[in-house]
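FYI, it's all coordinate maths here, none of it is from the lab. From a predicted model like this one, the values you see are computed outputs, not experimental measurements. Here the Cβ positions follow ideal geometry from the backbone for every residue, glycine too, while neighbour counts run over all protein chains shown.
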Amino acid sequence: MSQSSYVDSMTPTRLPGQVRAWASSNSALVAMLLLFAFFGLTSQTFLLPNNIFNIFRQMSVVAVLGIGMTLVILIGGIDLSVGSSLFMAAGISALLLRDGSTAPVAILVGLVAATLVGLLNGLLVEGAGISPVIATLGTLIGARGLALVLMDNAQIRVTDPFFDTIAVTRTPGIEALNIPGIPLIAIIVFVLYIITALLMRHTIYGRMVYAIGGNQTAARLSGIPVKRIKILTYTLCGFYAGIAGMLIAASTGVISPNLGSGSEFYTIAAVVLGGTRLTGGIGRVEKTIIGAFILFMTLNWMTIRRIPTEWQQAATGLLVLAAILIDRLAQRGRAS
């Protein structure tokens, strides 16, 4: 038998295995496509361009929070304070704008405040040896409490041309097809994902993060400065929370006392749905945006179907549990 005929005869039998391997390594993408098709077939309005862009707008804040959360989970940690960091950044910026500061100054101070919360988390976890859950739960409460004191527990409006521009700017749409332009906020989110994905794939920092998450002891023995990298990662998570705070300040125009409350749980859900393993070491930042889209696409469809909020929350929990179960089963399959 010639070499070409041998290869041709083997291809059909190898193809199903290759497809299964691809589907296993891209389970989040497969789930997104299947759910997208199902929701489109069961709702007349789901596939409308305006609704799709509405999903992107709704998921933007959690998607940005998810970048930092993915990094922290990759090193084997967790950050429950991202919602409070977001709130603090947005609240401080709104206060400064109200008192006459320029937008660049207000944004810079807000970002610094959220980044400092992230730095504090890193120092508490790595410097003081406190459990990540306990440490970040403490900063969740503390950061929100401090922001509420500064805001006098009152609602603050964001009235600034720069923030208004971020909220309303879109790319040109296609009027003939009734397709609206892409919101600037969505573009900012995608740019952040591209930058962070490149950071994780092509820099020493990214390689060290995966090494620490895979085996912290081995990483330390190989000379990786584990403590410094973990503190830096928590600091970056705070920085991304600050960016999310700026985006939500622009998109809503109002900083209310409950802003960002509970967003940490939706963020963790998006990260898990994207395939990042909660034990650390395995996951991709770029897949977290797929997880965020799965989550908010599902919530959007349930809203269209007029499913009560409490059932939406229950479905979100089941979705996350299903993602974890599928990941565990895939691990066992690869091990066997």
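Each Cα pair under 8 Å and six or more residues apart adds its sequence gap; the mean of these over the residue count of the chain is a relative contact order of 31 percent. Matching the structure-derived semi-axes √(5λ) of the Cα gyration tensor in Å against the labelled list (1) 30, 22, 20; (2) 35, 28, 18; (3) 40, 28, 18 gives the label (2). Packing, taken as the mean count of other beta carbons within 10 Å per residue, orders the peptides 233-239, 29-35, 99-105 from highest to lowest as 233-239, 29-35, 99-105.
Look at the dipole of segment 182-336 built from charges on Cβ: of 203, 221, 316, the Cα furthest out on the positive end belongs to 221. Overall, segment 250-329 carries a charge dipole of about 180 debye about its Cα centre when +1 sits on the Cβ of Lys and Arg and -1 on the Cβ of Asp and Glu, all other atoms neutral. Phi angles across segment 286-301 convert, under the Karplus curve 6.51 cos²θ - 1.76 cosθ + 1.60 with θ = phi - 60°, into 3J(HN,Hα) values of 5, 7, 5, 5, 5, x, 5, 5, 4, 4, 7, 5, 5, 4, 4, 4 Hz, Gly and Pro given as x. Between residue 279 and residue 37, the modelled label-to-label distance comes to 3.2 nm, taking each label 7 Å out from Cα in the direction of the beta carbon. To the nearest Å, what is the center-to-center distance of segment 139-181 and segment 249-313, using C-alpha atoms only? Centre-to-centre distance over Cα atoms comes out at 17 Å. With θ taken as phi - 60° and the Karplus curve 6.51 cos²θ - 1.76 cosθ + 1.60 applied, the whole-hertz 3J(HN,Hα) list for segment 202-211 is 10, 10, 4, 4, x, 5, 5, 4, 5, 5 Hz, x standing for glycine and proline.
Add +1 for every Lys or Arg and -1 for every Asp or Glu among the other residues with Cβ under 14 Å from the Cβ of residue 256, and state the total. Charge balance in the 14 Å sphere: +1. Summing Cβ point charges (Lys, Arg +1; Asp, Glu -1) relative to the Cα centre of the chain gives a dipole of roughly 880 debye. For residue 179, the residues whose amide H sits under 5 Å from its own are 174, ignoring neighbours fewer than 5 places away on the same chain, with H placed 1.01 Å from N. Of 121, 131, 249, which is farthest towards the positive pole of the chain's charge dipole, taken about the Cα centre with +1 and -1 on the beta-carbons of Lys, Arg and Asp, Glu respectively? Toward the positive end, the furthest listed residue is 131.
Rounded to the nearest 20, the size of the Cβ-charge dipole of segment 189-336 about its Cα centre is 560 debye, with Lys and Arg at +1 and Asp and Glu at -1. Label-to-label distance, residue 154 versus residue 105, with points set 7 angstrom from Cα along the beta-carbon direction: 2.1 nm. From its DSSP helices (H runs of at least four residues, each -39,500 (n - 2.57)), the chain gives a residue-normalised ellipticity at 222 nm of -25000 deg cm²/dmol. The alpha carbon gyration tensor of segment 33-169 gives principal lengths a ≥ b ≥ c with a/c of 1.5 or higher and a/b no greater than b/c, which makes the shape oblate. Determine the shape class of segment 153-230: with a ≥ b ≥ c the square roots of the Cα gyration tensor eigenvalues, call it rounded for a/c under 1.5, and otherwise prolate if a/b is greater than b/c, oblate otherwise. Oblate, since a/c reaches 1.5 and b/c is not below a/b. Remark: relative contact order (segment 65-119) = 32 percent; criterion is Cα-Cα distance under 8 angstrom and separation of 6 or more residues. From most to least packed by mean Cβ count within 10 Å, the peptides 257-267, 56-66 give 56-66, 257-267. Residues in segment 239-255 carry Karplus couplings, in order, of 4, 5, 5, x, 4, 4, x, 5, 5, 6, 5, 6, 6, 9, x, 9, 9 Hz; the curve used is 6.51 cos²θ - 1.76 cosθ + 1.60 with θ = phi - 60°, and Gly or Pro positions show x.
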